[in-house]
Every structure is written in C-alpha cells, then in structure tokens.
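**Q** Pasting in a structure now, in structure tokens, and then I'll have a few things to ask.
The values are calculated or read from the model by the stated rules, or taken from the named source; none is laboratory data. Values in this document were obtained by computation on a predicted structure and should not be read as measured data. Note that each Cβ is placed from the backbone with ideal geometry, even for glycine, and that neighbours are counted across all protein chains shown.
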Amino acid sequence: MSSAWDDVVAVVGATGRQGSAVVRHLLHDGWRVRALTRHPSRPAARRLREAGAQVVRVDTEDVESLRPAFRDAYGVFNVQNPMTSSIDAEIRQGRNVARAAADAGISHVVYGAAGVGDVRTGVGSWDSKLVVAARFRELRVPLTVLRPMAFMELMTDRGYYPSVGVWHVMPRLMGSDRPVGWLCVDDLGAIAARVFADPARWTGAVLGLASDVRSIDECRAAWEDVTGRPPRGIPMPLALFERFAGTDLTTMWRWLRTARFDMSTQTAREILPQAKTVRAWLDETVLRRGRR
C-alpha cells in the first residue's frame, strides 16, 4: 500500500467532473494533492484550494507547463475532455501528460478513460483513449486505466443535455430497453483514490466500472418514482442535436444498440462495495436538490 500521508498526487483536469471528485477523495484519504487547471482563479479552483489542495496552473497543450507540476509527485490522475476541445486535442494533450509523467519518473498514473474494451469501435471518444493509453505504455509509465461506463450525471447535468440526450435521442438510437452500465462521478473519484492506495494490486489493470445496470426505461421509472413526475424530454430532430452536440454521442448510441460486451458490476463493487445504484443515486441527488 502506498503511504498517502507522505505522497503527492497531481490531478489533471482538477476542476472538471472527474478531476474534482478525485481531488475530494484523495484529500479525504490523506494524500497531498496538486490540483492542475488552466484557470486557478475561478470559483471551482478556489473551492479545491479551500479544501486543502495546492492549485497549480498548467496547460496540457504545453508539455513544459506540466514538468514542474509533476516534479517530486508520486502519482498522476489523468483525464481529458474531448467535448470541450476535440478528439485530436484530447490525444495531443494526453500524449503530453504521458511524456511529462515519464520524464518525471511518476510511479503510478491512473487514467480516467472510457470505452468497452481494447478493440476500436469507431466511436471517436473511446478510440482516442486507446491511443493515449498506448502512449503511456510505450513510455513505460506504470498505468491503471479506469473505464467508467455511462455516468449517472447524464440524467441531470446540464452539460450533458439530459432533457434532449439521455431521455430522448439516446433511447431512440440505442433502444430504451437496452441495458446500460452506470456509475456516478463521485464513486469514480473514490475508486481512483483506492487504486492509488494499492498500486501492487492495480498497476497494469484495465478496469471496466459499473455499479448498476439499468435500461433507460428502468431509469425513467426510477426517476418518476423518486420525483413524482416523468423526466423532462424535448423531442428534437437528430440533425439538430448533432449540430450542437456533435456526432460522437450519436455514433456511440448506435453502436450500443446491438453490441455485446461485459457490463459486470463486480470490479466496481470489489473496489468500492458501497458504490451507488441508480435508485440510491437518484434518491440522494433529488434530496440534495430539495426534491425539485
């Protein structure tokens, strides 16, 4: 087990969904955390500083900005978001993180990736992560790949266009009765912290992560049971959705319509036995929001 009290983990994308969850759980578990962000003066960065993280400005497009941020660190949590840049930028930035991590002698990188296996699917935001992971391996950086399936926040987070995406376009293209593997972002953060704490067990592993498997129909029924009303849905022509959200999601949902792959909850629950089901997460989320 790693000695969290003495070691530093640098978290790339620390103010994003995954990164901020990882920071919270690392701090809770006693690690020293460098929260890396392009915008250290924004409220999200200030909250991390107040929680106890050292906030450091970096730009993953500039490998030289990563080098001092990784100096003397034990580990790095890596994540890129192609939705806010592009898939080409995601690959470029991920390669920069790999180069800087190798040069700094980082002992353990935990990569918040996505996808369903090591075979290309034609889904750009899944295939890109295979390229990034391959670069870490080429540079012999000790690596654990986390592959969360669908985040439960797809149902509520405005950045995911839930009223159009998950409740309308996704079931239309994928099928409303198709099983989906779900994990909430906070549980992803807790799992990442536990993986850092046990490198002997998890280094080299590729971990598919789901804590529950539910179709959109089942999620819709759970939502209505918890809130007393159906989720809002906005019918939208597919071409219009792709105009503002791109084609990556629609390609993914079409692929999921017929694909067969492992959606076991075993790994997530082995690492984090208390990982939430969809219903438990909805209960907690709705309660936190005042059952609106």
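**Q** Restricting the search to segment 227-246, which residues are surrounded by 13 or more Cβ atoms within 10 Å (Cβ to Cβ) and free of Cβ contacts under 8 Å to residues at least 60 places away in the same chain?
**A** Once the filter is applied, which keeps residues that are surrounded by 13 or more Cβ atoms within 10 Å (Cβ to Cβ) and free of Cβ contacts under 8 Å to residues at least 60 places away in the same chain, segment 227-246 yields only E242.
**Q** Looking at M83, M155, can you tell me which residue is surrounded by 18 or more Cβ atoms within 10 Å (Cβ to Cβ) and either more than 17 Å from the chain's Cα centre (by Cα) or farther than 23 Å from A197 by Cβ (or both)?
**A** Of the residues listed, the single one that is surrounded by 18 or more Cβ atoms within 10 Å (Cβ to Cβ) and either more than 17 Å from the chain's Cα centre (by Cα) or farther than 23 Å from A197 by Cβ (or both) is M155.
**Q** Here is a further query. Filter segment 201-219 down to residues that are more than 18 Å from the chain's Cα centre (by Cα) and part of a helix (DSSP H, G or I) and give me whichever is nearest to M170 (Cα to Cα).
**A** I216
**Q** Still on this structure: Which one of the conditions (1) among the hydroxyl-bearing types (S, T, Y); (2) assigned to a loop (DSSP other than H, G, I, E, B); (3) closer than 14 Å to V141 by Cβ does S85 fail to meet, given that it meets all the rest?
**A** Here S85 clears every test but (3).
**Q** Now, a different point. In segment 47-97, how many residues are within 20 Å of G124 (Cα to Cα) and small (G, A, S)?
**A** 4
**Q** Restricting attention to segment 256-289, report how many residues are under 28 Å from E224 (Cβ atoms), under 20 Å from the mean Cα position of the chain (by Cα), surrounded by fewer than 17 Cβ atoms within 10 Å (Cβ to Cβ) and at pLDDT 95 or above.
**A** Result for segment 256-289: 4.
**Q** Just the residues that are surrounded by fewer than 22 Cβ atoms within 10 Å (Cβ to Cβ), touching an Asp or Glu at 6+ places or on another chain (Cβ under 6 Å) and of a type outside the set (S, T, Y), please, taken from segment 173-197.
**A** If the condition is that a residue be surrounded by fewer than 22 Cβ atoms within 10 Å (Cβ to Cβ), touching an Asp or Glu at 6+ places or on another chain (Cβ under 6 Å) and of a type outside the set (S, T, Y), then D177, V185 are the ones that fit.
**Q** What's the number of the condition S163 fails, among (1) assigned to a loop (DSSP other than H, G, I, E, B); (2) crowded, with 20+ Cβ neighbours inside 10 Å?
**A** Checking S163 against (1) assigned to a loop (DSSP other than H, G, I, E, B); (2) crowded, with 20+ Cβ neighbours inside 10 Å, the one that fails is (2).
**Q** Filter segment 101-142 down to the residues that are over 18 Å from R67 (Cα atoms), of a type in the set (K, R) and assigned to a helix (DSSP H, G or I) and list them by number.
**A** Scanning segment 101-142 gives K129, R137.
**Q** Is it the case, given these coordinates, that V145 is more than 16 Å from T60 (Cα to Cα) and in contact with a strand residue (DSSP E or B) (Cβ under 6 Å, 6 or more places away or on another chain)?
**A** In short, yes.
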